[in-house]
Amino acid sequence: DYTQDIKIGYSYTSSSSYPYTTILSNPSLATGIIQPTRLNQIAWIVNNIPVGTLATGPQIWTTGVSQSGCSYITASDLQVAFWAMTSAAGTCDTVFCSETASSYNPCNVAYIWNTAFANIPDGSSYLVQASPSLPNPIVPFLVIPESTQTTQVMLVQANIVSLGFNCIFPTSSPTIKPSNIPTAAPSKLPSSIPTYKPTSNPSVVPSFIPTSYPTKLPTVLPSYAPSSLPTRSPSKLPTISPTTSPTKAPTKSPSSSSSPTIAPTKLPTATPTKSPTSTPTKLPTVTPTRSPTSSPTTYSCVSDFISNLPSSPTHFQISTVKLTYSYVTSSITFASGESYSNLLTWCIDYEQDISINYDYTSSSAYPYTAVLADPSLATGISQPTRLNQIAWIINNIAVGSLATGPQIWATSYRVYGCTYITASDLQAVFWALTSSSGVCDYYLCTDTLSSYNYCNAAYIWNSAFAAVPEGTSYTVPEASSSFPNPIVPIVVVPTSAQVNQVMLVQAYISSWGYNCVFPTYSPTRSPTRSPTYKSWGWNSLA
């Protein structure tokens, strides 16, 4: 009974106890059990799944989330399962109630739940029976500590032998047959034949059909014969055609008026004097015999930006703090002299620190794709492949976006209260994505965050993995009229020793002084000469 308490070492003097079957018949005896019919499943569990049983997995929990890591079942696993079964629907059967359980394994709890309902479906009954395979059956009985029913209901699990009651049942099969076996047939026959005879004729006509037919035709002619020949012709034409062809040719020739003329009587007297006044409206039906010898070259603004980004800035400095101590602005000065400031920047390395207004003079900057290809460039990112999800997020989910819920967090908890996304929500998710498994993706890491919302964080997490599943890649889309300012995340490693927090710069590539130009309409004619390209020079962008 998860909703009420009980004292240890206290003597309850007005208690009542009942076999579980009595509570099933009269649930008012233990009102603290919200779902009393589930006592059938608990009775099956205590007789079939003891502490120490090896659970197998993965298992699917009631929320539809897969649980892995099953092991040997503990008392805590069973206690969490019992609370889930008897508490109100939507409480302990969705979020594991485990406040007083020393430790529990979600996979083990799901195994206990699924195995019980596979053997005793919800709504069906289970009756404990003694047998050679179950010589010491356990009949759970419920104890209500107080008549007021304001203390937690308890369930005693003890086999009936330990309560001084021994079940006796056959230990072997019979070895002999009964001595009195029924005879196979009656021992007496009728002594006389019936003397009763029918007094009336049968009312049913015999169904027997004669097997012989007359062998001679009638010998007498009909007494009436026709007095005249038929006056009407048959209504049907003959169905047989002649079998021979005519033997003679026609004796008369056709008349001259019916004979066809041999040639036209008039011929054209002159050739046409006018030319056509319009051009043909149909295309030629013959295809060209020559094909282009080379494919057209395509230009990628995003790829050009990535390939021309200098990798060695001489200075990196966090200049101002935005909404939280993790969402900041920074400035970068490259070795060639170009300088950029007021760049929106995130922290993506939870285990290490970084200082504000400190000039890091041996920094490196890389497009996120370079770190994906060579994770050793930024060893502070424990899960570098998650940069794919982060690149998707910063191009699709901005501060102020409205999150929807409820959502399922990575720990399989259902979270409510989604609202407008803050910088703290995004920063918490970035740490959860890039930190080691089990660090920030179970309980959010929020040390420096002013506020955060679990429902918003779960919305960001779930949306990212729905768009970019784990292990897949995300390429920043090319600039277009509907997506004019793509963001290519830039990873900054403040020191060559890689002992400070790795940072991620979120800035439109136009903020770096690089403008993507894309056509607003389709060309109306082919070019007359090949285009020439000039490599992008960062020197002109300072």
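The values are calculated or read from the model by the stated rules, or taken from the named source; none is laboratory data. Here the structure is a predicted model, which is why all the values come from computation and not from measurement. Here Cβ is always computed from backbone atoms with ideal geometry, including for glycine, and neighbour counts include all displayed protein chains. When the accessible area is computed, the model is the full protein with side chains, heavy atoms only, and any ligands, DNA or RNA have been set aside. Shrake-Rupley method; radii C 1.70, N 1.55, O 1.52, S 1.80 Å.
Summary table below
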{"read-out": "Condition check for A130: surrounded by fewer than 18 Cβ atoms within 10 Å (Cβ to Cβ), more than 17 Å from I45 (Cβ to Cβ) and not aromatic (F, W, Y)", "value": "yes"}
{"read-out": "Selection within region 133-156 - open to solvent by less than 40 Å² (accessible area, probe 1.4 Å) and in a loop (DSSP other than H, G, I, E, B)", "value": "P137, P140, P145, T151, Q152, V153"}
{"read-out": "Cβ-Cβ under 9 Å pairs, at least 6 apart or on other chains, region 375-403 side free of Cβ contacts under 8 Å to residues at least 24 places away in the same chain and open to solvent by 40 Å² or more (accessible area, probe 1.4 Å), far side part of a helix (DSSP H, G or I) and of a type in the set (S, T, Y)", "value": "P375/T385"}
{"read-out": "Which numbered condition T37 misses (of (1) in contact (Cβ under 8 Å) with a residue 60 or more places away in the chain; (2) open to solvent by less than 50 Å² (accessible area, probe 1.4 Å))", "value": "(2)"}
{"read-out": "Residue, nearest to the chain's Cα centre (by Cα), within region 21-34, restricted to residues that are farther than 13 Å from P140 by Cα and surrounded by 16 or more Cβ atoms within 10 Å (Cβ to Cβ)", "value": "I34"}
{"read-out": "Positions within region 63-93 being of a type outside the set (A, V, I, L, M, F, W, C), closer than 23 Å to I408 by Cα and crowded, with 17+ Cβ neighbours inside 10 Å, in sequence order", "value": "Q67, D77, S87, D93"}
{"read-out": "Residue in region 41-59 that is farthest from V153 (Cα to Cα), counting only those that are open to solvent by 10 Å² or more (accessible area, probe 1.4 Å) and part of a helix (DSSP H, G or I)", "value": "N48"}
{"read-out": "Meets criteria (at pLDDT 70 or above, in a helix (DSSP H, G or I), hydroxyl-bearing (S, T, Y) and over 38 Å from the mean Cα position of the chain (by Cα)) for S540", "value": "no"}
{"read-out": "Residue count, region 110-168 (criterion: among the β-branched types (V, I, T), within 22 Å of C97 (Cα to Cα) and at pLDDT 90 or above)", "value": "6"}
{"read-out": "Qualifying residue in region 421-434 (condition: assigned to a loop (DSSP other than H, G, I, E, B) and not aromatic (F, W, Y))", "value": "yes"}
